[in-house]
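Taking it in order: structure first as structure tokens, then the write-up.
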Amino acid sequence: MEGFEYVDIFATKGIEYLVVIAFLFILVFFWRWLNRPVVADIKSRDLNKNKISLIDWFYLADNFYYHQGHSWVAPSRGDVVTIGIDDFAQKLLGKPSALSLPKIGSMLKQGDKGIELKIDSKSIDILSPVEGEVLEINEEVINSPELINMDPYNKGWLLRVRVPQLRTNLRNLLSGNLAKAWMQNAVDKVSQKFSSDFGVVLQDGGVLISGFAKEISPEKWDQLAQELLVTYNALD
């Protein structure tokens, strides 16, 4: 058509349109930021942040075997193993005031009561991870029970046991990636069941308080502990 001249407004005003679009994006971003939900409790923010990293708070020693009652086994020599309680258990329970270990020469049965921890006026049972004869007990940890908290996989060991059917016993325990998956499942279970209570058991920085069972359930913490250590039903 004569006299008609096509003008590409995007070619002539491209920069202006880009500036306007960018301004709109920034406006929308700030509007959403200003209208975000207000989180009143800093502990809740810490908890949300730590839902992913909470598993990192519980340490599993490499090349150990773990019972679902949160005791561990470390092969020593031949059919002799060393036994203790894992990091989850000691952080769940906190500092024991005393502990009761089986006598040398006594027989343990896998999955039955093997160790008793005294915390305040309560007694908490730990299940034996293996079946065998007690050869040695850690006298140092009896005199200083806090070693369980300070170094649960080394100086805080509890028993040395001869296990005649060691291979069979170890097959009933967890190790490697399977142990990590089990621990992740245990942490998820605690998080889901007690998510509304975790605000009171987080220190500044989102670190769980040692002995967190008592913070979650002050009146019935021992029952909670036995449930998480799978001893509540096992010993009923």
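Derivation of every value follows stated rules applied to the coordinates shown; laboratory data play no part. None of the values given here were measured: they were computed from a predicted structure. Cβ: placed from backbone, ideal geometry, glycine included. Neighbour counts: every protein chain shown.
Overview of values
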{"item": "Peptide ranges 90-100, 163-173 listed from the most packed, as the mean C-beta count within 10 angstrom indicates", "result": "90-100, 163-173"}
{"item": "Region 59-228: proportion of alpha-carbon pairs further apart than 20 angstrom, %", "result": "51 percent"}
{"item": "Cut-off 11 Å between beta-carbons: net charge of the residues surrounding Ile137, Lys and Arg +1, Asp and Glu -1", "result": "-1"}
{"item": "Förster-model FRET efficiency, 22 Å R0, Glu146 and Met107, C-beta, rounded to 0.05", "result": "0.15"}
{"item": "Cβ crowding within 10 Å averaged over residues, with 144-152, 175-183, 62-70 ranked highest first", "result": "62-70, 144-152, 175-183"}
{"item": "Filter on Lys113/Lys220; Lys118/Lys220; Lys122/Lys214; Lys109/Lys220; Lys113/Lys189; Lys91/Lys122 - keep pairs with C-alpha separation over 19 Å", "result": "Lys113/Lys220; Lys109/Lys220; Lys113/Lys189"}
